[in-house]
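Take a look at the structure set out below.
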Amino acid sequence: MKYILLFTFGLFSVGALRAQQINLKPGDEFAMQTHSTETAIDKKKLLKDEAYTFQFKMLGINGNECKLQCTMLKAKQWGPEKMDQLNVDSIRQTIFNNSALLMPLILLQKPFTVIISPKGKLLRIEGADALAKQAVKNWHLGSETAKSQEQHIEYFIKETIKNMFLELPEQRIAFQSTWTNAESKVTYNVNTIRGALLDINTVTSDKTSLGNYTLNETNGLLENVSKAYNQTGVPNAKRYNYDQTLKYGKSTAPVADTAWVNMAILLSYWSNAFTNKANEPDSAKIMGYFNAHDALYADDQYYTGAKLDFYNKLDSREGYKLYQAMLKKTPNAMISPSSSHVFNKLQAVSNDDVDGTYDVLKMFSKDGNLYDWLQNSYGQHFLKDDHAVADKIMEKLLADKKLGMQAQLVPMSLWVDVKNHYKDNALMTAYSGFMKMNDDYMKKGNGGRYALLVYQMLKKDIKHKEAENLLDKTIQNLERLNADTLNKEKYAHRNMLAYAYYSKYRNAGTADSAKALQYLAKASFYSPGDKKEKAHISFYDRAFLNSKESYREEFINKLFAYGNTDEALKIFADQITADPQKIEEMKKIYQKQFPDKSFKEFFIDKVVSRWADAPAFELTDLAGKKHPLTSYKGQWLVMDFWGTWCGPCREEMPDVNKFNTEVAEGKFKGVNLLGVACYDTESKVRAYLKDNNYGMQVAISDNVIEKNYKIIGFPSKILVAPNGKMIDIQFGADWKSVIRNFNQLYAATN
């Protein structure tokens, strides 16, 4: 009898032990649904939203290992501002801006194996690496993207799945049991028992993470999880939320549209499927693919956009014609995700298609990028003798009150009306309109430009009083807009102010030389001082107004003529920084004014010393060599920010490579060149340099340096002086001449 009692007790103990571990039979199935968010605490802004559904099937237990077949049935990912998004329930609305989206697509509805301990600890993943390798091959991913996917796929799975199971302690847990995980330092407390369900709450040692779990102690599975974590003591702290639910049995999901996924990734930036050995678009491959798939995806927005992108990249007249023809035929709704295609379509139709232009503008009238097209591309139609089509477009747009483009177009229309009806008192109507114009029209319609154009017409018509009134009123408006720190076109208004004050200077003439000099001082003050102040639209404003970029040099000469040396030298130094290409001219002016002084000393002490400090960096080149900024101390450094994807960069690369050869030959003693490849991959950069036999040192951007150096366009050149100060050189400038002259004035010290 005693023997029987002991045997019964033994059965009970084993059952109790097994009750608090994974206890499933081969073939048992369940699904886990997870949802996590990441939010910026201070701005309460959603940064990331992810949701997954994983189906598990028990394969069996082998010793201390439980094998589960795992399949990702569904995936959803949203990035900040929805700049990237994936939802397999609406797969064709995917926005591919982040290669992280590729990982769930690699796994989608393909089984792999998850191995956990009986106590719920994730041990390893099997089969995921093979899925990644197959996807890399099928999608022709570039080497850097391929390497990233293969290296991180298992980490992604582990980080996702380890939350789905609770690692239990060795001892049996019951009501009020407490234990701490040695690895995570999380403390668990059992606070409620509901039959087979144990309610457990958790807390970290610093109390920044809180969670609630419901464990089924019969099978060892988590039926519900809800937890949150707050970052503390760091800038831009974030809050993380995580929820999970369990569903027993087999879950199903619609079969994924893998054909569309394959097409989308093949046509993405990450794929080399349609490039040649030089990593350039291969027209034969591109045309062949589209010819084979047009019927299948003719109405697909992503496919249409990708096709337009490829045609636009073809460096041939045939490619340009194909792009233009396709663009005209493509419905407006199909090009809506791409501002560049919208802009290009407007360019294509505005020459001869009034209704077509109207339809595009009607659909995209709220797009912020249309300001540039309206004011510059469209506006230039009225500089031509024949602008009948442009007139009809404007008439139609202004007549549509619901469209709400009056503010954008009324200033331009007043000027155009004068051009069209000069003898019908239109000039005075325009004068009256600009004298009463509010800031909304001035900002949205670039009113300063057209007011100054009408001012020029008034001057030409010898209406001096009205011309002066309009000039003064326009200056008042531009001064106010320039002072508005929220005004996005602030620098454009500032540049127009320079021309307006120069006009006041010219009007004052010799009658009042003191006042005239004050106006010229204002024109100098408002002239752009650096690349940021040389607003993009100002180039077009100058084309319309026939004005100059800077009036600083003229003011300097006047100051020297009047003997105001100290003030002249300050502005003189600013002018060298603003327009370094004219360093030789400025040197001659200085030597003429100060024949007994050293221009070299002035350049180092009064010009270079006032430049901004170059931000520290450490980049790695293709050979693995580190390039910290400090290694160039005492020498000039030319930093070339570029990318293999950038047409203008490739166009000037032979010249950059020639400069690199000259540096290597000692023709630029004390000067170094470092290329910084941005938004690029090591494999593409390496292949591009090799195929073109370019020998310059190139480092891959860390995605921080271009922000620290405020790079806004490519290619961009930054010159760092021997003392660590920097100056940026405007695109199109003769940067080789600038560095040659600068190096002669400020030689390397080591």
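See the values below:
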{"read-out": "The chain, Cα convex hull volume normalised per residue, Å³", "value": "217"}
{"read-out": "Long-range amide H partners of residue 612 with built H, under 5 Å", "value": "726"}
{"read-out": "Separation between Cα centres of segment 697-728 and segment 332-404, rounded to whole Å", "value": "36"}
{"read-out": "Per-selection Rg to Rh, segment 593-725 - Cα, Kirkwood hydrodynamic radius", "value": "1.01"}
{"read-out": "Relative contact order computed over the chain (Cα-Cα under 8 Å; 6+ residues apart), in percent", "value": "7"}
{"read-out": "In degrees, nearest ten, helix 490-508 long axis to first principal axis of the chain (Cα)", "value": "10"}
{"read-out": "Gained length - residue 697 relative to residue 298, 0.36 nm times residue gap less alpha-carbon distance", "value": "139.2 nm"}
{"read-out": "Value of [θ]222 nm, deg cm²/dmol, for the chain, DSSP H segments ≥ 4, -39500 (n - 2.57) each, nearest 500", "value": "-13500 deg cm²/dmol"}
{"read-out": "Solvent-accessible surface (1.4 angstrom probe) belonging to residue 720, in square angstrom, nearest 10", "value": "10"}
{"read-out": "Surrounding net charge for residue 326, when Lys and Arg each add one and Asp and Glu each subtract one, Cβ distance under 12 Å", "value": "+3"}
{"read-out": "Quarter of Cα convex hull surface for segment 171-269, i.e. mean projection, nm²", "value": "11.0"}
{"read-out": "Between segment 573-611 and segment 446-472, the alpha-carbon center distance in angstrom", "value": "37"}
{"read-out": "Flagged links, alpha-carbon separation over 23 Å, of 57/119; 401/444; 402/490; 667/736", "value": "402/490"}
{"read-out": "Rounded accessible area per residue of segment 519-672, 1.4 Å, Å²", "value": "50"}
{"read-out": "With every protein chain in place, segment 284-417: carbon and sulfur % of accessible area (1.4 Å)", "value": "51"}
{"read-out": "Antiparallel %, DSSP beta bridges [both residues in the chain], to 5", "value": "90"}
{"read-out": "Charge dipole (segment 415-561, unit charges on Cβ, about Cα centre) - positive-most of 425, 556, 441", "value": "556"}
{"read-out": "Net charge contributed by nearby residues that have their C-beta within less than 9 Å of residue 725 (K/R +1, D/E -1)", "value": "0"}
{"read-out": "Over segment 376-474, relative contact order from alpha-carbon pairs under 8 Å, at least 6 apart, %", "value": "23"}
{"read-out": "Top positive-direction residue, dipole computed over segment 591-742 with Cβ charges, set 699, 730, 611", "value": "611"}
{"read-out": "Nearest 10 degrees, 0 to 90: helix 647-664 Cα axis against the chain principal axis", "value": "80"}
{"read-out": "Charge context of residue 107, other residues only, Cβ under 14 angstrom, K/R +1, D/E -1", "value": "-1"}
{"read-out": "Amide proton proximity set for residue 47, modelled H, under 5 Å, gap of 5+", "value": "38, 39, 40"}
{"read-out": "Virtual spin-label span in nm between residue 237 and residue 177, 7 Å along Cα→Cβ", "value": "3.4"}
{"read-out": "Within the accessible area of segment 614-663 (1.4 Å probe), percent carbon and sulfur", "value": "53"}
{"read-out": "Size of electric dipole in the chain: Cβ of Lys, Arg +1 and of Asp, Glu -1, about Cα centre, debye, nearest 20", "value": "780"}
{"read-out": "Rounded to whole Hz, the Karplus (6.51, -1.76, 1.60) HN-Hα couplings of segment 586-591, x for glycine and proline", "value": "5, 5, 5, 4, 5, 5"}
{"read-out": "Distance histogram in 10 Å bins (all Cα pairs of segment 398-495, percent per bin)", "value": "17, 48, 29, 6, 0"}
{"read-out": "Segment 475-586, dipole about Cα centre (Lys/Arg Cβ +1, Asp/Glu Cβ -1), debye to the nearest 20", "value": "340"}
{"read-out": "Where 679, 422, 240 fall by accessible area, highest first, once all protein chains stay in place (1.4 Å)", "value": "679, 422, 240"}
{"read-out": "Between helix 339-349 and the chain: long-axis angle, C-alpha atoms, 0 to 90°, nearest 10", "value": "50"}
{"read-out": "Residue (of 274, 225, 287) at the positive-pole extreme of segment 221-295, dipole from beta-carbon charges", "value": "225"}
{"read-out": "Mean separation of Cα contacts under 8 Å (6+ apart) over length of segment 89-220, as relative contact order %", "value": "15"}
{"read-out": "Per residue, in Å², the accessible surface of segment 677-725 once ligands and nucleic acids are set aside, probe 1.4 Å", "value": "44"}
{"read-out": "Binned Cα-Cα distances of segment 661-714, short to long, each 10 Å bin given as a whole percent", "value": "20, 43, 34, 3"}
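The values are calculated or read from the model by the stated rules, or taken from the named source; none is laboratory data. Only a predicted model underlies this, so the values are computations on that prediction, with no experimental measurement involved. With ideal geometry, Cβ positions are generated from the backbone for all residues, glycine too; neighbour counts draw on all protein chains shown. When the accessible area is computed, the model is the full protein with side chains, heavy atoms only, and any ligands, DNA or RNA have been set aside. Shrake-Rupley method; radii C 1.70, N 1.55, O 1.52, S 1.80 Å.
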